[in-house]
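Okay, so here's the structure we're looking at.
The values are calculated or read from the model by the stated rules, or taken from the named source; none is laboratory data. Keep in mind that what you see is a predicted model, and the values were worked out from it rather than measured. Cβ placement follows ideal geometry from the backbone for every residue including glycine, while neighbour counts extend to all protein chains displayed.
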Amino acid sequence: MNSPRTMFFAFAVFIAILWSNPSLADITPNPSEARSRVPEIYKWDASIIFKDESAYNSAIKSIEAGLAKISQRKNKLGTDTLLKSTLDEYVFLKKTMSKIGIYSELRLAEDKNVEKNQNIHRRAQKLANNFNSGTSFIKQALLNMKDAELDAMLSGGILNEYRGYIEALRRRKDRVLGEDAERILGLVGDNLFASTWPTSDNEMIFQAIMRDINFPKIKDEEGKEIQLSVQAYSKYRASKDRNVRKAAVETFLETLRKYQNIFAASLAAEVNRDVMFAKARNYDRAVEAYLDIDDIDTAVMDNLINTIHKNLKPLHRYIALRRKLLGIDKVHLYDLYTPIIKSVDTDVPYSEGGEMVVKSLASLGEEYTSVVARAVTPGSGWIDVYPNEGKESGAFSTSTWGIHPFIKLNYQNQMDDVSTLTHELGHTMHSYLNMNAQPFVDFGYSTFTAEIASTFNEKLLNDYLLEKYSENDDIRLYILGEMLESIRTTIYRQTLFAEFERKIHEFSEQGTPITAELLNKTYIGLVRKYYGPELAIGADDAVEWAFIPHFYYKYYVYTYATGLSSGIALAEMVQKEGDKARDRYFEMLRAPSNEPPLEILKKAGLDLTKPHVIESATNLMAKTITEIEKIIRKKGKN
């Protein structure tokens, strides 16, 4: 699996262009530079979707004409042939709609300040709304059909290619109400059967509050006054200067406290709304309703929270380690985000980062790594590598069936950028393998499995780098420190959020008024439990919940924790068991979108209703802390 032949084959494609154009590896990233000055070879190629804006406009016109035509099928789906032809038309339109969506996404991401890009994106959004509403009658007709009627249609075989889609859609048909009730639920924004996930009024109120709050100014590391904001808070709470991060956190939370009753009213309204929709569809609890969208048993969340409760010791060790390495008496909330390991001064050009990623994935075999090597090769059109003026920070991977996926990076020659590259390539390869195994109608994967491939890749990269830099204690410490933070923030912190979210929905279900006082008490109680006695609690720390948007996302945060845990567990299986585990992993990535996520994972060797998957992550955290302590003792002796 790790033969020299495999590695040469996988990487030969990547280095071919660099050998012939060595200067391409020497780009100096500049976020303030105009996009036109970034070499084309380092940009994605959106023309593979639509040759130009004219082709994009033609596609929009074809959708508008198609919607007018397909709308004539409303109330006329009573035979298998009519249903089949309507689904054929729907799928044809949806393929084009998907291309329109991704094209507009890429164009806006290139430079959000260009008016043409903004218009392209706005047109796509408006069209998407029209498409969803104009084709919703198909889904409603399928949901309303009696079992005997639909069984008779399916028995003829003409609908075989849509069987999985239809069965997955009708899985929750007993939750569908009468026509009048459905109309009313739709009018008040029901999201349990929505084609898209509309932003609720309560979330918009939350966003408006955050925009309108006038945060005070604080002083930065040089004593210069800076305006505190949500963005500035994220930056300065991680400051190496304890006075600066203390001022940032305490000032930010003190300001939130002044608005806590408004935040509480907004969140309470959202929670009560969730509970109302769940009960309207005859669920006992909101958690059951929202997990059921992805066909997830609530035992998964129960197992996550219960397993974390039994494995809090590594997190408590982490707090003790943080106190020791920062040289402070007590760890406060404002001490949780500053790095405990000194950042290494590394310059990792994109060519070198790509090489590291390809080599780290060698255990996945030649077929997989050759595609990765092709993707990272400059000129492939898959990746938009460098930052430019107007390009937002961060990264993403996006895809549409039948066209290779696209990755947005803001690569700035740092070790963190290599981790981001392999993370996004995990998403990319998940989509690539899936679209090559499934037809359009069965292409895709649930939010529950979405983060597994990306974190799987990160685990392999970390292990590769630890071996590559086995003689460099500073780099090893940095890699281990980043891994530690990832587990702390993605597994422990997101599980804390998930438990808080579940508790506040339970308050609503029990008829308990949700007030700022209750939210503060509940949140800080969980913080004390998770982080242990070594974390000192500040006067306003309890109100931290108020600015976290995830609590409006309907039981989504727990998937971060299960995703990273699953990625770690699967990576360890592949490293330990070899080809058999690797093949099970690939089967998971190729699974159709209508297969239940828990069944997909069980085939890969994971049972998310049992502790072992979550324990893979908590055990790794404990091992990482031990390894950090070992290196620090060694450095101390030297």
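Only one residue in Leu87, Leu106 is of a type outside the set (Val, Ile, Thr) and out of contact with any strand residue (DSSP E or B) (no Cβ under 9 Å at 6 or more places or on another chain). Which one?
Checking each option against the conditions leaves just Leu87.
For the list (1) among the β-branched types (Val, Ile, Thr); (2) under 25 Å from Glu572 (Cβ atoms); (3) part of a helix (DSSP H, G or I), I need the number of the one condition that Val441 fails.
Condition not satisfied by Val441: (2).
Being more than 30 Å from Thr400 (Cα to Cα) and either at pLDDT below 95 or surrounded by fewer than 18 Cβ atoms within 10 Å (Cβ to Cβ) (or both) narrows it down to one of Glu627, Glu544, so name that one.
Exactly one residue qualifies, and that residue is Glu627.
Does Thr455 satisfy being in a helix (DSSP H, G or I) and within 30 Å of Ala269 (Cβ to Cβ)?
no
Being at pLDDT below 90 and either over 32 Å from the mean Cα position of the chain (by Cα) or not in a helix (DSSP H, G or I) (or both) is true for just one of Ser54, Ser71, Ser23. Which residue is that?
Ser23
State whether one or more residues within segment 207-217 are over 26 Å from Ser98 (Cβ atoms) and among the β-branched types (Val, Ile, Thr).
There is at least one residue in segment 207-217 that is over 26 Å from Ser98 (Cβ atoms) and among the β-branched types (Val, Ile, Thr).
How about segment 511-541: which of its residues are crowded, with 16+ Cβ neighbours inside 10 Å and in a helix (DSSP H, G or I)?
Selection gives Ala516, Leu518, Leu519, Asn520, Thr522, Tyr523, Ile524, Leu526, Val527, Tyr530, Tyr531, Asp541.
Tell me which residues, restricted to segment 211-231, are surrounded by fewer than 16 Cβ atoms within 10 Å (Cβ to Cβ), in contact (Cβ under 8 Å) with a residue 24 or more places away in the chain and either under 12 Å from Leu256 (Cα atoms) or under 29 Å from the mean Cα position of the chain (by Cα) (or both).
Residues satisfying the conditions are Pro216, Val230.
Test Gly381 against the stated conditions and say whether it is under 20 Å from Gly101 (Cα atoms) and either at pLDDT 95 or above or outside any helix (DSSP H, G or I) (or both).
Here the answer is yes, as Gly381 does meet what is asked.
Looking for whichever is within 24 Å of Val91 (Cβ to Cβ) and of a type in the set (Lys, Arg) here; the options are Arg170, Arg242, Arg211, Arg237. Which one fits?
Arg170
Does Lys576 satisfy the criteria of being without any contact (Cβ under 8 Å) to a residue 12 or more places away in the chain and more than 30 Å from Ile328 (Cα to Cα)?
yes
Inspect segment 393-402 for any residue being closer than 28 Å to Tyr585 by Cα, in a loop (DSSP other than H, G, I, E, B) and polar (S, T, N, Q) and give the result as yes or no.
Within segment 393-402, not a single residue is closer than 28 Å to Tyr585 by Cα, in a loop (DSSP other than H, G, I, E, B) and polar (S, T, N, Q).
For the condition of a type in the set (D, E, K, R), part of a loop (DSSP other than H, G, I, E, B) and in contact with a Pro (Cβ under 6 Å, 6 or more places away or on another chain), what is the one hit in Asp295, Asp284?
That would be Asp295, the only listed residue that is of a type in the set (D, E, K, R), part of a loop (DSSP other than H, G, I, E, B) and in contact with a Pro (Cβ under 6 Å, 6 or more places away or on another chain).
Taking segment 306-354, which residues are among the acidic types (Asp, Glu) and either under 18 Å from Met621 (Cα atoms) or buried (at least 17 other Cβ atoms within 10 Å of the Cβ) (or both)?
Asp335
Given segment 75-187, what helices (runs of 4 or more DSSP H) lie entirely inside it while holding 3 or more residues that are surrounded by fewer than 16 Cβ atoms within 10 Å (Cβ to Cβ) and free of Cβ contacts under 8 Å to residues at least 40 places away in the same chain?
Qualifying helices (runs of 4 or more DSSP H): 80-110, 115-144, 147-155, 179-187.
Every residue in segment 284-299 that is crowded, with 20+ Cβ neighbours inside 10 Å and within 13 Å of Arg502 (Cβ to Cβ), please.
Answer for segment 284-299, where residues must be crowded, with 20+ Cβ neighbours inside 10 Å and within 13 Å of Arg502 (Cβ to Cβ): Ala286, Val287, Ala289, Tyr290, Leu291.
Quick one: Ser454 ticks every box in (1) out of contact with any His (no Cβ under 9 Å at 6 or more places or on another chain); (2) buried (at least 21 other Cβ atoms within 10 Å of the Cβ); (3) small (Gly, Ala, Ser) except a single one, so which number is it?
(1)
From the list Arg242, Arg257, Arg323, Arg281, exactly one residue is touching a Ser or Thr at 6+ places or on another chain (Cβ under 9 Å), of a type outside the set (A, V, I, L, M) and touching a residue at least 60 places away in the same chain (Cβ under 8 Å). Which is it?
The conditions single out Arg242.
Can you name every residue in segment 529-541 that is more than 17 Å from Asn261 (Cβ to Cβ) and either within 19 Å of the chain's Cα centre (by Cα) or modelled with pLDDT of 95 or more (or both)?
Within segment 529-541, Lys529, Tyr530, Tyr531, Gly532, Leu535, Ala536, Ile537, Gly538, Ala539, Asp541 meet the criteria.
Can you tell me which of (1) surrounded by 14 or more Cβ atoms within 10 Å (Cβ to Cβ); (2) modelled with pLDDT of 95 or more; (3) under 28 Å from the mean Cα position of the chain (by Cα) is the one Pro29 doesn't meet?
Result: Pro29 fails condition (2) only.
Just for segment 405-423: of the residues that are surrounded by 20 or more Cβ atoms within 10 Å (Cβ to Cβ) and outside any helix (DSSP H, G or I), which one is farthest from the chain's Cα centre (by Cα)?
Among them, the one singled out is Tyr411.
Scan Ser266, Ser239 and give me the residue that is crowded, with 18+ Cβ neighbours inside 10 Å, assigned to a loop (DSSP other than H, G, I, E, B) and of a type in the set (S, T, N, Q).
Residue meeting the stated conditions: Ser239.
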